[in-house]
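S.K.: After the structure tokens below, expect a handful of questions from me.
The values are calculated or read from the model by the stated rules, or taken from the named source; none is laboratory data. Source: prediction; values computed, not measured. Here the Cβ positions follow ideal geometry from the backbone for every residue, glycine too, while neighbour counts run over all protein chains shown. Keep in mind that these areas ignore ligands, DNA and RNA; they rest on the heavy atoms of the full protein, side chains included. Shrake-Rupley method; radii C 1.70, N 1.55, O 1.52, S 1.80 Å.
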Amino acid sequence: MSDTLTAISPRDTRLQKQVDALLTQEGIRRDGNLDYTCGILDDDWNLVATGSCFANTIRCLAVDSRRQGEGLLNQVVGRLMEVQAQRGNAHVFLYTKPQSARFFGDLDFCEITRVPDRLVFMENRRRGFAGYCAALEETRRPGPAAAIVMNANPFTLGHLHLVERAAAEYGTVHLFVLSEEAGPIPFAVRRQLVHQGTAHLPGVVCHDSGPYIISAATFPSYFLRDEDAVIRAHAALDIQLFGSIAAHLDIRCRYVGEEPASRVTGLYNAVMARDLPEKGVACRIIPRLEAEGRPVSASTVRQAIHDGRLEDIRPLVPESTWAFFHAPEAEAVITAIRAEDNVVHY
């Protein structure tokens with residue numbers, strides 16, 4: 001039997017259908033975030049194994065049940081790691097089912113955490129997460145602290161309201177800005193606006209989220225049957241990781257903003273409010289700041305920019321955010337926002 005390992009083009013509809021069929025056969029949905037797929041074809045040109053990448057993660061791995069035990073998955077993972085190396089990604093992550101975790105351990109992947117009976121989050125560095133937590137611990141200050149995780153896309157008065165609430169109740173607030181590039185406003189800009197917008201609060205310590213505070217784009221949906229299950233599992237994994245982070249920084253409370261219009265955020269917040277206390281961390285859901293009778297949201301700000309109504313963002317953003325969007329360096333960001341088909345995220 002002669003097998004061929006090959007990249008699978010998004011335009012190759014025949015092989016893409018075989019990918020879908022093989023994933024379905026193995027109880028896996030195609031993930032919505034894939035940027036490279038490869039597969040092993042038998043001598044009749046039928047797909048017998050497949051795997052994919054998204055950014056620096058490996059996902060959607062499957063082997064035909066009739067060919068398991070032949071080392072095909074090793075070959076697929078080997079190719080995907082070559083692709084990651086070509087991209088310059090030395091630090092690689094994967095998600096797998098609990099029953100497959102031991103196999104990836106044999107390929108030098110280490111477990112970071114797991115959601116029992118659902119998925120395991122792994123990386124190819126033995127002290128990756130431990131090193132991340134150790135670096136965070138260097139920023140620890142005396143006394144209990146609060147935490148906030150935000151995308152700040154861009155930083156609004158609503159975000160500032162949340163930070164100020166936390167800062168009024170805790171001497172230290174660890175503010176994690178999601179560092180994944182997943183929208184028209186680059187991380188560097190979002191981080192800059194958060195730093196500028198909170199500069200008057202001496203207790204705020206800003207952090208890049210890095211790869212361990214999970215974002216929607218890197219979280220896998222392919223093990224789970226429906227959207228609500230994805231959201232709940234996403235929150236459960238975040239809580240597992242955040243519990244470890246909180247212990248290193250003596251974080252006692254995580255502040256989150258209420259989002260009445262978002263079912264996703266509502267479910268996520270409900271899971272955190274229920275489960276974070278088991279990690280010794282309270283969860284405070286803060287009602288949204290309103291302006292002119294409407295909740296202040298980053299989506300509203302992006303929509304105004306998208307529609308060419310830049311002046312409309314004035315009552316919604318801090319002075320630093322307002323100044324940025326009126327500076328020459330914002331031109332590329334404004335162009336990117338206006339090029340988006342949909343700037344309102346649910």
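S.K.: Quick one: is ALA168 open to solvent by 30 Å² or more (accessible area, probe 1.4 Å), free of Cβ contacts under 8 Å to residues at least 24 places away in the same chain, over 30 Å from GLU70 (Cα atoms) and outside any loop (DSSP other than H, G, I, E, B)?
M.R.: Yes; evaluated as a whole, the condition is true for this residue.
S.K.: Moving on. Check PHE176 against each of (1) farther than 23 Å from CYS110 by Cβ; (2) buried (at least 20 other Cβ atoms within 10 Å of the Cβ) and name the one condition it does not meet.
M.R.: If we test PHE176 against (1) farther than 23 Å from CYS110 by Cβ; (2) buried (at least 20 other Cβ atoms within 10 Å of the Cβ), just (1) comes out false.
S.K.: Right, here's the next one. Given the criterion open to solvent by 40 Å² or more (accessible area, probe 1.4 Å) and modelled with pLDDT of 90 or more, identify the matching residue among GLU278, GLU292.
M.R.: GLU278
S.K.: Go through region 296-305 and give me each residue that's open to solvent by less than 50 Å² (accessible area, probe 1.4 Å) and out of contact with any Asp or Glu (no Cβ under 6 Å at 6 or more places or on another chain). Quick ask: steps written out before the conclusion?
M.R.: Taking region 296-305 first, the residues open to solvent by less than 50 Å² (accessible area, probe 1.4 Å) are 296-302, 304-305.
Of everything in region 296-305, those that are open to solvent by less than 50 Å² (accessible area, probe 1.4 Å) and out of contact with any Asp or Glu (no Cβ under 6 Å at 6 or more places or on another chain) turn out to be VAL296, SER297, ALA298, SER299, THR300, VAL301, ARG302, ILE305.
S.K.: Same structure again: Out of the residues in region 102-151 that are among the basic types (Lys, Arg) and over 25 Å from VAL92 (Cβ atoms), which is farthest from the chain's Cα centre (by Cα)?
M.R.: ARG141
S.K.: Right, something else. Which members of region 6-55 meet the condition of being in contact with a Pro (Cβ under 9 Å, 6 or more places away or on another chain) and outside any strand (DSSP E or B)?
M.R.: Across region 6-55, the qualifying residues are GLN16, ASP31, ASN33, LEU34.
S.K.: Does SER100 satisfy being hydroxyl-bearing (Ser, Thr, Tyr) and touching an Asp or Glu at 6+ places or on another chain (Cβ under 8 Å)? Explain how you work it out, then say what you get.
M.R.: Numbers: hydroxyl-bearing (Ser, Thr, Tyr): yes; touching an Asp or Glu at 6+ places or on another chain (Cβ under 8 Å): no.
No.
S.K.: Now for a separate question. Restricting the search to region 7-41, which residues are of a type in the set (S, T, N, Q) and either under 17 Å from GLU70 (Cβ atoms) or exposed (fewer than 14 other Cβ atoms within 10 Å of the Cβ) (or both)?
M.R.: SER9, THR13, THR24, GLN25
S.K.: I'd like the residue in region 257-297 that is in a helix (DSSP H, G or I) and more than 18 Å from the chain's Cα centre (by Cα) and, out of all such residues, is nearest to ARG165 (Cα to Cα).
M.R.: If we take residues in region 257-297 being in a helix (DSSP H, G or I) and more than 18 Å from the chain's Cα centre (by Cα), then ALA273 is nearest to ARG165 (Cα to Cα).
S.K.: Out of region 84-100, which residues are surrounded by 18 or more Cβ atoms within 10 Å (Cβ to Cβ) and in a helix (DSSP H, G or I)?
M.R.: Result: GLN84, single match.
S.K.: Touching a residue at least 24 places away in the same chain (Cβ under 8 Å) and under 28 Å from SER2 (Cα atoms): which single residue out of VAL92, VAL63 fits that description?
M.R.: VAL63
S.K.: I need the full set of residues from region 133-157 which are open to solvent by less than 50 Å² (accessible area, probe 1.4 Å), small (Gly, Ala, Ser) and either closer than 20 Å to ALA273 by Cα or modelled with pLDDT of 95 or more (or both), in order please.
M.R.: Listed by number, the residues that qualify are ALA134, GLY143, ALA145, ALA146, ALA147.
S.K.: Something else about it: Can you confirm whether LEU94 is within 25 Å of the chain's Cα centre (by Cα), under 24 Å from ARG118 (Cβ atoms) and modelled with pLDDT under 95?
M.R.: yes
S.K.: Open to solvent by 60 Å² or more (accessible area, probe 1.4 Å), free of Cβ contacts under 8 Å to residues at least 24 places away in the same chain and either of a type outside the set (Phe, Trp, Tyr) or out of contact with any Phe, Trp or Tyr (no Cβ under 8 Å at 6 or more places or on another chain) (or both), is that true of ALA332?
M.R.: yes
S.K.: Consider PHE93 carefully, then state whether it is in contact with a strand residue (DSSP E or B) (Cβ under 8 Å, 6 or more places away or on another chain) and over 21 Å from ASN33 (Cα atoms).
M.R.: Here the answer is no, as PHE93 does not meet what is asked.
S.K.: Name the single residue that is farthest from ARG284 (Cα to Cα) among those in region 139-165 being out of contact with any helix residue (DSSP H, G or I) (no Cβ under 9 Å at 6 or more places or on another chain) and either part of a loop (DSSP other than H, G, I, E, B) or among the polar types (S, T, N, Q) (or both). Lay out the reasoning, then the answer.
M.R.: Step one: list which residues in region 139-165 are out of contact with any helix residue (DSSP H, G or I) (no Cβ under 9 Å at 6 or more places or on another chain), which gives 142-144, 161-162, 164-165.
In the following step, the residues that additionally are either part of a loop (DSSP other than H, G, I, E, B) or among the polar types (S, T, N, Q) (or both) were identified as 142-144.
Values: PRO142: 22, GLY143: 19, PRO144: 15 Å.
My answer is PRO142.
S.K.: Which residues, counting only those in region 240-256, are under 20 Å from ALA167 (Cα atoms) and of a type in the set (A, V, I, L, M)?
M.R.: ILE245, ALA246, ALA247, LEU249, ILE251, VAL256
S.K.: Next question, about the same structure. Could you list, in sequence order, all residues of region 312-329 that are without any contact (Cβ under 8 Å) to a residue 12 or more places away in the chain and closer than 24 Å to ALA199 by Cα?
M.R.: ARG314, GLU319, TRP322, ALA323, ALA327, PRO328, GLU329
S.K.: Hey, another quick one. Being assigned to a loop (DSSP other than H, G, I, E, B) and modelled with pLDDT of 90 or more is the filter; apply it to region 109-125 and report the residue that is surrounded by the most Cβ atoms within 10 Å (Cβ to Cβ).
M.R.: Among those that are assigned to a loop (DSSP other than H, G, I, E, B) and modelled with pLDDT of 90 or more, it is PHE109.
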